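Please read the structure below before turning to the comments.
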Amino acid sequence: MTTTVEKDTQTSAPEVKAKKGKNRFSPWAVLTWLVALGFFFPVFWMILTAFKQESDAATSPPKLFFEPTLNQFKEVFDQAIGPAMLNSVIATGVSTILVLLLGVPAAFALSLRPVRKTSDALFFFMSTKMLPVVAVILPLYVIVSNIGLLDNIWALIILYTAMNLPIAVWMMRSFFLEVPGELLEAASLDGASLWRSVREVILPLVSPGIAATALICIIFAWNEFFFAVNLTAVNAQTMPVYLVGFIAGEGQYWAVLSAAATMSALPVILCGWFAQNKLVRGLSFGAIK
């Protein structure tokens, strides 16, 4: 018996090592890395071009070795990036807060505390995303102009809130559905009110989902261009509209445009970096039971 056991252990050890070796050099892992690098390469090239002189950025074939400079970032600051950045921060931040304040209770009501005709309410939320934006820009322009909000940051805040609210409701509803309803029943048996149960029991559980939803709303609002370019001029100009100013009629200035685009993408990247732990938990919430 001992000899057979020893033989089995000796024969199984190389097999385990072989399996580990196969998993380590899996072709799917290599393909995943190649796809990830392919998606990241444009961002890397944008950042690299931001540190070039205009003469180096316009060469063909492009230069990989050059003397880095910060002149392009200095030129971006000289062209008053501050107001556009501040407008984007205000419009994105305030609209995201409003979306969470409205979307989280609505998602809770449509999941753990379902109301009558829940499917009709969900369809209504999603139907607002079916109409092309270009089809509503003319009546929106007339309405915004008549109420005196043309070239006003509050017009963008209202529109960004309406734009992201359906997505937030659907996302948060999926997170709430993963929470066992017995938790609310147990809390109510202990004498906790509904508000206290939600605040102390439900919200801590779905906080990764709230972070993921907030980040999605931030990305959509920060990158929105169509409403901003049609409803703003100078006072409420956001970063996407500001970047268009670097595309001149005589040509494109690639280095300074890359510097401005790098600074424009930096706040969203930082938000994703600081929220990455909750973001990963939120995107995988309920995937494993």
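The values are calculated or read from the model by the stated rules, or taken from the named source; none is laboratory data. Note that the structure is a prediction, hence the values are computed from the model and not measured. Heads up, the Cβs are rebuilt from the backbone with ideal geometry, glycines too, and the neighbour counts pull from every protein chain shown. Remember, those area values only see protein heavy atoms, side chains included, never the ligands or the DNA or RNA. Shrake-Rupley method; radii C 1.70, N 1.55, O 1.52, S 1.80 Å.
A few points about this structure:
- LYS129 contributes about 80 Å² of solvent-accessible surface, heavy atoms of the protein only, 1.4 Å probe.
- Candidate values (1) 35; (2) 55; (3) 32, label of the one derived for percent of Cα pairs over 29 Å apart: (2)
- Where PHE41, PHE51 fall by accessible area, highest first, once all protein chains stay in place (1.4 Å): PHE41, PHE51
- Rounded if a/c under 1.5, otherwise prolate or oblate - region 85-159, Cα gyration tensor axes: oblate
- Size of charge dipole - the chain - debye, nearest 20, with Cβ of Lys, Arg +1 and Asp, Glu -1, no other charges: 880
- Positive-end residue of ALA106, VAL136, ASN146, charge dipole of region 62-160 with Cβ unit charges: ALA106
- Cβ-placed point charges (K, R +1; D, E -1), dipole of region 90-210 about Cα centre in debye, nearest 20: 220
- Accessible surface of SER193 - all protein chains present, 1.4 Å probe, nearest 10 Å²: 60
- Computed over protein heavy atoms with a 1.4 Å probe, the accessible surface of the chain works out to 62 Å² per residue.
- In the complete set of protein chains, residue-level accessible area for TYR141 is approximately 90 Å², probe 1.4 angstrom.
- For region 33-123: rounded, prolate or oblate by the Cα gyration tensor [a/c cutoff 1.5]: oblate
- Carbon + sulfur, % of accessible area of the chain - ligands and nucleic acids excluded, 1.4 Å: 70
- Mean ellipticity per residue at 222 nm, deg cm²/dmol - from DSSP H runs of n ≥ 4 across the chain, formula -39500 (n - 2.57): -23000 deg cm²/dmol
- Total formal charge among the other residues, if their Cβ is under 15 angstrom from that of PHE123, Lys/Arg +1 and Asp/Glu -1: +3
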